[in-house]
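Asks: Below you will find the structure I want to go over with you.
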Amino acid sequence: MRVAWIGLGVMGYPMAGHLVTRGGLEVTVYNRTASKAGRWSDAFRGPAAATPAAAAQDADVVFACVGNDDDLRQVTAGPEGAFLTMKRGAVFVDHTTASALVARELHGAAKARGLGFVDAPVSGGQAGAENGVLTVMCGGDPEDYARAKPLIGHFSRMCKLLGPPGSGQLAKMVNQIAIAGLVQGLAEAINFGMKAGLPMEEVIEVVSKGAAGSWQMENRHKTMIAGKFDFGFAADWMRKDLGICLAESRRNGAPLPVTALVDQFYAEVQRLGGGRWDTSSLIARFQNLDRTR
Ligand code: NAP
């Protein structure tokens, strides 16, 4: 089987690596910044190509994990895009967090060329990618998904087809909407407890075992208390994702008042210079307020 991978960022680099180390596959890679592709080639002994089209030449399955909708259009249907060279019947699997609209658009463009397209955004962050335990939410045609799933299994512990093209991206929006409100609630709770003079690590040890417990509470409370935000998914990326959610809500009519507010709070985090801080940095707004009072 010929496999190609486009986009060797924080997520794509280890995910593509697992196809080699766990899947025993030979993978041809493309990365816009060639030095990163060179590093990956040295580490995993797979060839690097100069364009997405060259990487995808005669491939059976092509994966991508790039930044946003426009990046994805460029590497698929652009003048040097993978759709030009993939062989008929091949499947394109997209792990970018993008809009449902672009997923449907590229699914249509792929079908017109006799190709399959599965939107397959992921959750689990850098650690999930490095440990090969991501959660993958998929949309597309069942026969294309069936071909992609065994390969996705090399870097995930949960993968499911949730409906027609775009459904994976819509499910990822559900995920991000749920996280946004939760992290803001946690930031307010920790800040409140600190203001009240409570020993917050001990408080969290207790309340995390009750109804308020969450992954974010377990994994982020210590660093939120310490004001350290270098642990994963960046505020800049979260704003991109929340923008996608808010645009979709204008189409489907689901109100997202808290998500819209938290999006503005992340804009404040960006203004504090925290664009690359992780999503738990919402608490930094309170710490900054204290400084400027
Ligand atoms: P990243 O480290 O910034 O990597 C982005 C990758 O996309 C790089 O390989 C970059 O190439 C490539 N790229 C961007 N624009 C391109 C273009 N126009 N043409 C070709 N290549 C292009 O980002 P990441 O953290 O891996 O995230 C990738 C995707 O996964 C995003 O959609 C993100 O929202 C999503 N995601 C991330 C996380 C996380 O925790 N990081 C978790 C879940 C989902 P260069 O090397 O040349 O810049």
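The values are calculated or read from the model by the stated rules, or taken from the named source; none is laboratory data. A quick note: this is a predicted structure, and the numbers were derived from the prediction, not measured. Methodologically, a virtual Cβ is constructed for each residue, glycine included, from the backbone with ideal geometry; neighbour enumeration extends over all protein chains shown. Note: accessible area is taken over every heavy atom of the protein model, side chains too, but ligands, DNA and RNA are not part of it. Shrake-Rupley method; radii C 1.70, N 1.55, O 1.52, S 1.80 Å.
Asks: Which whole-Hz ³J(HN,Hα) couplings does the stretch 136-151 yield from phi under the Karplus relation 6.51 cos²θ - 1.76 cosθ + 1.60, θ = phi - 60°, glycine and proline marked x?
Replies: Couplings: 10, 10, 10, x, x, 8, x, 6, 6, 4, 4, 7, 7, 4, x, 6 Hz.
Asks: Now, a different point. Please compute the length gained on full extension between Asp58 and Ala226, using 0.36 nm multiplied by the number of residues separating them and subtracting their Cα-Cα distance.
Replies: 55.4 nm
Asks: Moving to a separate point now. Using θ = phi - 60° and the Karplus relation 6.51 cos²θ - 1.76 cosθ + 1.60, list the HN-Hα couplings for the stretch 4-15 in order, rounded to whole Hz, with x at every Gly or Pro.
Replies: 10, 9, 10, x, 10, x, 3, 8, x, 4, x, 5
Asks: Oh, and also: For the chain, what does the helix formula give at 222 nm: sum of -39500 (n - 2.57) over DSSP H segments with n ≥ 4, over the residue count, nearest 500 deg cm²/dmol?
Replies: It lands at -16500 deg cm²/dmol.
Asks: Calculate, in nm to one decimal, what Thr21 and Ala247 gain on full extension: separation in residues at 0.36 nm each, minus their alpha carbon distance.
Replies: Here the segment from Thr21 to Ala247 would lengthen by 77.5 nm.
Asks: Still on this model: When the dipole is taken about the Cα centre of the stretch 138-293, and only Lys, Arg (+1) and Asp, Glu (-1) are charged at their Cβ, what size is it in debye, to the nearest 20?
Replies: 180
Asks: So, one more: Percent of alpha carbon pairs in the stretch 149-258 separated by more than 18 Å?
Replies: Result: 62 percent of Cα pairs exceed 18 Å.
Asks: Using label points projected 7 Å from each Cα along Cα→Cβ, tell me how many nm separate Ala146 and Ser208, to one decimal.
Replies: Computed distance between label sites Ala146 and Ser208 equals 4.4 nm.
Asks: In µm²/s, what is D for the chain at 10 °C and 1.306 mPa s, where D = kT/(6 pi eta Rh) by Stokes-Einstein and Rh is the Kirkwood radius from Cα pairs?
Replies: 79
Asks: Okay, moving on. Which whole-number percent gives the relative contact order of the stretch 124-234, counting Cα pairs below 8 Å spaced six or more residues apart?
Replies: Reported relative contact order: 22 percent.
Asks: Report, by chain and number, residues whose modeled amide H sits under 5 Å from the one on Cys159, excluding near sequence neighbours (fewer than 5 apart, same chain).
Replies: Amide H neighbours of Cys159, under 5 Å, 5+ apart: Val136.
Asks: Okay, moving on. Read phi for every residue in the stretch 198-206 and hand back ³J(HN,Hα) as whole Hz from Karplus 6.51 cos²θ - 1.76 cosθ + 1.60, θ = phi - 60°, with x for Gly and Pro.
Replies: Residue by residue, the stretch 198-206 yields 7, x, 5, 5, 6, 4, 5, 4, 7 Hz.
Asks: On to the next question. Would you grab the residues whose amide H sits under 5 Å from the one on Trp5? Only those 5+ places off in sequence or on another chain, please, with H modelled 1.01 Å from N.
Replies: Thr28, Val29, Tyr30, Phe63
Asks: What is the Å³ per residue value for the convex hull set by the Cα atoms of the stretch 69-145?
Replies: 100
Asks: Now for a separate question. Against the 2.2 N^0.38 Å scaling, with N counting residues, where does the stretch 118-182 land? I'd like the Cα-based Rg ratio to two decimal places.
Replies: 1.09
Asks: Compute the FRET efficiency between Arg291 and Arg45 as 1/(1 + (r/R0)^6), taking r as their Cβ-Cβ distance and R0 = 45 Å, and round to the nearest 0.05.
Replies: 0.35
Asks: Separate question: Sticking with the crude label model, points 7 Å out along Cα→Cβ, report the distance from Glu268 to Lys160 in nm, one decimal please.
Replies: Once both label points are built, they end up 3.5 nm from each other.
Asks: If you take the charge dipole of the chain about its Cα centre, with +1 on Lys and Arg Cβ and -1 on Asp and Glu Cβ, which of Pro199, Asn288, Ala50 is farthest toward its positive end?
Replies: Result: Ala50, furthest along the dipole toward the positive end.
Asks: What ranking of Leu151, Leu101 comes out by heavy-atom accessible area, probe 1.4 Å, highest first?
Replies: Leu101, Leu151
Asks: Give me log10 I(q)/I(0) at q = 0.17, 0.27 Å⁻¹ for the stretch 1-42, Debye formula, one equal scatterer per alpha-carbon, no solvent.
Replies: Rounded to two decimals, the profile gives -0.38, -0.93.
Asks: Can you tell me what percent of all Cα-Cα pairs in the stretch 1-104 are more than 22 Å apart?
Replies: Every Cα pair in the stretch 1-104 considered, those over 22 Å come to 20 percent.
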